[in-house]
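To start, the structure under review is shown below, and the notes come after it.
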């Protein structure tokens, strides 16, 4: 009887120990400081290179909480915004000093939390990253003067947004309420040495041809010991603006909670990093920024030994609800690749074509079709809602979806710009009735 009791007690103790071990494995790993700037945080980087150390180790299946900063690192972390300090109280009261954005350096853009070493991950594996939750900060911002059609904009414009769990509002664009569609702009693994050299070579070729590309630039780079002006790989650290095969700045608005992203592992441990959180964005992020924010994001990971072929870029999957526009009603503008004879769109100047300038139609050019659809949508917003072009540009960047309608009807492929109408919560700044003419 005593032996049976002893064996029972032993089994109970073993069960408790086992449960405790499992619970310990499932405990959240916290990545990133809650105060200060990226440059002062060993768990924050703004470059990608295989030599960047992975500061934390995590087991597949563990929950990871990333404390992330906005894309320009000017608003502070979520904890700093909510702190009982003068700055935190000012942010909550709706007071943001726009001068802090002046002189902001693009070379220090996209602070990212990480990278992480995923235990057991080897080159050739696929890392599945599932987003669990996103907790937005108190504030966000959007520039309305750069980006896709910057040549059609005039002057500088910046919108500051107040954020809550449901929607964003801005005194700079009154009468607009943007639903919460939070997602990470950057989800990435680190490139391997071979991939790094391929990327550097092909981007240098583009630069030599006169195309728009951002080559390695050491000023403002973090970690400075590797990527800074005196760093060991100062001329090799990748800037984060373009997405690449390893993921990076994909800016896909569908990567919302519940969605899983499949990323390639090029190094032992993979080197997972996340940053550039967006509160909302339209397909295209046309002004060059979404509603940029700081946020706390929780994810979990899984390793796949025989995952999908990611040769041309990451895959993702999730509930189809994330594909819908956040509105019951919409208005759409279409675009085809036509232009004025003599014009050369800025994105084509580097080609130095002797033919392009005199054409009034460019065959099968999605970029030009999208440009025309977007320009038409901005005109529609200005005419029917009374905003200026910079305000309309911001609305398009955070809410309008650019979608390909067809690729086969040469020469005129099609793009449509879709505007969710339910974002307009106030009266139009112009009379809608005055814009309508009845024909009997």
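Please indicate, with yes or no, whether at least one residue in segment 135-155 is at pLDDT 95 or above, under 30 Å from residue 54 (Cβ atoms) and surrounded by fewer than 18 Cβ atoms within 10 Å (Cβ to Cβ). Yes, that holds for at least one residue.
Could you list all residues from segment 365-384 that are in contact (Cβ under 8 Å) with a residue 60 or more places away in the chain and surrounded by fewer than 22 Cβ atoms within 10 Å (Cβ to Cβ)? Correct list: 375 only.
Yes or no, residue by residue, for (1) part of a helix (DSSP H, G or I); (2) more than 30 Å from residue 225 (Cα to Cα); (3) out of contact with any strand residue (DSSP E or B) (no Cβ under 9 Å at 6 or more places or on another chain); (4) modelled with pLDDT of 95 or more:
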residue: 4; (1), (2), (3), (4): yes, yes, yes, no
residue: 8; (1), (2), (3), (4): yes, yes, yes, no
residue: 11; (1), (2), (3), (4): yes, yes, yes, no
residue: 21; (1), (2), (3), (4): yes, yes, yes, no
residue: 30; (1), (2), (3), (4): no, no, no, yes
residue: 34; (1), (2), (3), (4): no, no, no, no
residue: 54; (1), (2), (3), (4): no, no, no, yes
residue: 57; (1), (2), (3), (4): no, no, no, yes
residue: 65; (1), (2), (3), (4): no, no, no, yes
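In segment 229-246, of all residues being surrounded by fewer than 18 Cβ atoms within 10 Å (Cβ to Cβ) and under 26 Å from the mean Cα position of the chain (by Cα), the one that is nearest to residue 110 (Cα to Cα) corresponds to 241. Annotation for segment 189-200: at least one member residue is surrounded by 17 or more Cβ atoms within 10 Å (Cβ to Cβ) and in contact with a helix residue (DSSP H, G or I) (Cβ under 8 Å, 6 or more places away or on another chain).
The values are calculated or read from the model by the stated rules, or taken from the named source; none is laboratory data. Quick caveat, the model's predicted, so the values are computed rather than measured. Quick reminder, even Gly has a Cβ in these numbers, built from the backbone with ideal geometry, and neighbours come from all protein chains shown.
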